[in-house]
Amino acid sequence: MPIEYQIEHDRRLVSARAIGNLTAEDIFNYQREVWSLPKARGYNELIDMSNVKEIVSPTSDKLVELARLSASMDDRTIPTKFAIVASDTFAYGMGRMYEVYRNLNPRSTKVVQVFRSMKDAMEWIEGK
């Protein structure tokens, strides 16, 4: 799977890293796999896109669909954060589009922000 993840229970964080060529199917599979796990519910999320070589066939329709799916899987009782780290301009732009779609979804309880650096993303996640 081009997206590797670990669940850090002590930090209440799902930390993920995307590698290589990334497809919509990879992202949807990650979303369904991780966020259907009861042990990850109510956790913040961090995904590092720095090692993505290419986002294959991205479309705004897929981003809207992903935002809809993601919001439907949110824990309704606990607001959480999702930081996307994207140093590449194209990946950053795609992340920003997802951020808008996700934050506008009325079912979403997860606030999404996109960052250029891991340091800035972690500071935001940790509330510093």
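The values are calculated or read from the model by the stated rules, or taken from the named source; none is laboratory data. Note that the coordinates shown come from a computational prediction; the quantities given were computed from them, not determined experimentally. Neighbour counts run over all protein chains shown; Cβ positions are idealised from the backbone, glycine included. Keep in mind that these areas ignore ligands, DNA and RNA; they rest on the heavy atoms of the full protein, side chains included. Shrake-Rupley method; radii C 1.70, N 1.55, O 1.52, S 1.80 Å.
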Practice prompt. Enumerate the amide H contacts of Val114 below 5 Å, restricted to partners 5 or more residues apart or on another chain; note that Pro and chain-start residues carry no placed amide H.
Written response: Ile84
Response to the item:
Helix-only [θ] at 222 nm, the chain, -39500 (n - 2.57) per DSSP H run of 4+, per residue, nearest 500, equals -12000 deg cm²/dmol
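Run the accessible area of the chain with a 1.4 Å probe and give the carbon-and-sulfur part as a rounded percent. Write out the running numbers ahead of the final one.
On the way: 3560 of 6850 Å².
Answer for the chain is 52 percent, counting heavy atoms of protein chains only.
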Worksheet item: Under a 5 Å amide H to amide H cut-off, with H placed in plane at 1.01 Å, what residues pair with Val52 once short-range neighbours are removed?
Response: Gly20
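Just add up the charged neighbours of Ser57: K/R +1, D/E -1, any other residue whose Cβ is under 13 Å from the Cβ of Ser57. Write down the numbers at each step before the final one.
Working: positive: Lys62; negative: Glu25, Asp26, Glu54, Asp61.
Once positives and negatives cancel, what remains is -3.
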Worksheet item: Tell me, how many Å apart are the Cα centres for the range 39-65 and for the range 104-125?
Response: 12 Å
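Could you state the orientation-averaged shadow area of the convex hull built on the Cα atoms of the chain, in nm² to one decimal? Can you show the working numbers first?
Details: hull surface 27.8 nm².
So the mean shadow area of the Cα hull is 7.0 nm².
With +1 assigned to the C-beta of every Lys and Arg and -1 to the C-beta of every Asp and Glu, and no other charges, what is the dipole magnitude of the range 5-128 about the Cα centre in debye, to the nearest 20?
On the way: 18 positive and 17 negative charges, 67 e Å.
With Lys and Arg at +1 and Asp and Glu at -1, about 320 debye.
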Worksheet item: What accessible area per residue, rounded to a whole number of Å², is obtained for the range 1-104 using a probe radius of 1.4 Å?
Response: 52 Å²
Practice prompt. When you have a sec, figure out the Kirkwood radius of the range 1-54 from all distinct Cα pair distances and drop it here in Å to one decimal?
Written response: 11.4 Å
